[in-house]
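The values are calculated or read from the model by the stated rules, or taken from the named source; none is laboratory data. This is a predicted model, so every value here is computed, not measured. Here the Cβ positions follow ideal geometry from the backbone for every residue, glycine too, while neighbour counts run over all protein chains shown.
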Amino acid sequence: MRLVIIGGSGSGKSTQAQRLSRDFLVPLISTGEILRDAMEQSSHCTEVNPTDLGCVVQPYVERGEFVPDEIMIELIRDRLKKSDVSNGWILEGYPRTAFQAEELDFLLDDLQQQLNWAIYLQVPEAVMVNRSLERSLPDDEPEIVQKRVELFYDCTVPILEYYDRRRRLLTINGDQQPEAVQMNIITLLDSSQG
C-alpha cells in the first residue's frame, strides 16, 4: 500500500499516518524526519556543500522556510530507494503543491512504484486553528496558525484537483475522533481495492 496523507495543520495527518503505517506494516515517511536525518548526517556544515543535501537544506529549515522542490524530491528519491519500502509506504508532509504531486508521480514511475491513494483529511478551518492552538507548540501562535491554514488552502486545492483528475483521491471527514477517522479510511481503502 502506497499512500499520501494530505491535510492542514491540526487535521490529524501525523496521527492517521502513524496508525496506517502500523495497520499496513509499512514505513511512515515524513518530510520532517527526512530533513532531520539529512541534517544529522551532515553535522559538520561549515559552508554549504552543494553535493551534501543536508548542508543545503539546513539554512532553509533554520529559517522556517520551505526547502526548494528540486532538493526535496532528491531527498524523497533517496528515501524511496531504501529496502524497507518494498511493500509500500505512507508519505506525510509531501507533496505540498500540485507541482510536487506531479514530480512525485514522475519519481514513482521512475522507481516503478505506483501511488495507490492520496487521502485528504477534510477538517473545517476553525477546527484546524483550534487544534493547532491546543497543541501549544512554540510556533503555534494565533497569527502564525491562521497564516499556515490560509497557505494550506492556497496550495492544497490544486493538489486535490490533481489527484482527483487521476482518480487517486479519497476524501475523509477528519473532524471526528481519531479511531473513527481511521476506520473510515480503512473502510474506503477496502471498498476501493475491488
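Quick check on region 100-111. Is at least one of its residues surrounded by fewer than 15 Cβ atoms within 10 Å (Cβ to Cβ) and either within 23 Å of Gly64 (Cβ to Cβ) or under 18 Å from the mean Cα position of the chain (by Cα) (or both)?
Yes, that holds for at least one residue.
Out of curiosity, is Arg148 touching a residue at least 40 places away in the same chain (Cβ under 8 Å) and either more than 17 Å from Gly12 (Cβ to Cβ) or part of a helix (DSSP H, G or I) (or both)?
Considered against the rule, which asks whether it is touching a residue at least 40 places away in the same chain (Cβ under 8 Å) and either more than 17 Å from Gly12 (Cβ to Cβ) or part of a helix (DSSP H, G or I) (or both), Arg148 comes out as yes.
Could you check, for region 153-163, whether at least one of its residues is in a helix (DSSP H, G or I), surrounded by fewer than 12 Cβ atoms within 10 Å (Cβ to Cβ) and modelled with pLDDT of 95 or more?
No: zero hits.
Do you know which residues across region 1-26 are buried (at least 18 other Cβ atoms within 10 Å of the Cβ), part of a loop (DSSP other than H, G, I, E, B) and not polar (S, T, N, Q)?
Correct list: Gly7, Gly8, Gly10, Gly12, Val26.
Just checking, which of Leu115, Leu133 is outside any strand (DSSP E or B), touching a Phe, Trp or Tyr at 6+ places or on another chain (Cβ under 9 Å) and more than 15 Å from Gly7 (Cα to Cα)?
Leu115 is the lone residue from the list that is outside any strand (DSSP E or B), touching a Phe, Trp or Tyr at 6+ places or on another chain (Cβ under 9 Å) and more than 15 Å from Gly7 (Cα to Cα).
Could you list, ordered by first residue, the pairs with Cβ atoms under 8 Å in which the first is in region 170-191 and over 10 Å from Gln16 (Cα atoms) and the second is hydroxyl-bearing (Ser, Thr, Tyr), at least 6 apart or interchain?
The qualifying pairs are Leu170/Tyr120; Leu170/Ser192; Thr171/Tyr120; Ile172/Tyr120.
Is it the case that Gln58 is within 14 Å of the chain's Cα centre (by Cα), crowded, with 18+ Cβ neighbours inside 10 Å and of a type outside the set (Phe, Trp, Tyr)?
In short, no.
Considering every residue within region 134-147, establish whether at least one is surrounded by fewer than 18 Cβ atoms within 10 Å (Cβ to Cβ), within 26 Å of Pro27 (Cβ to Cβ) and touching a strand residue (DSSP E or B) at 6+ places or on another chain (Cβ under 7 Å).
No, the conditions are met nowhere in region 134-147.
Do you know which residues across region 79-99 are free of Cβ contacts under 8 Å to residues at least 40 places away in the same chain and either within 17 Å of Leu28 (Cα to Cα) or crowded, with 17+ Cβ neighbours inside 10 Å (or both)?
Lys81, Lys82, Ser83, Ser86 - these are the residues of region 79-99 that are free of Cβ contacts under 8 Å to residues at least 40 places away in the same chain and either within 17 Å of Leu28 (Cα to Cα) or crowded, with 17+ Cβ neighbours inside 10 Å (or both).
Criterion first (at pLDDT 95 or above and either in contact with an Asp or Glu (Cβ under 7 Å, 6 or more places away or on another chain) or under 18 Å from Ser9 (Cα atoms) (or both)) does Val181 satisfy it?
When the stated conditions are applied, Val181 passes them.
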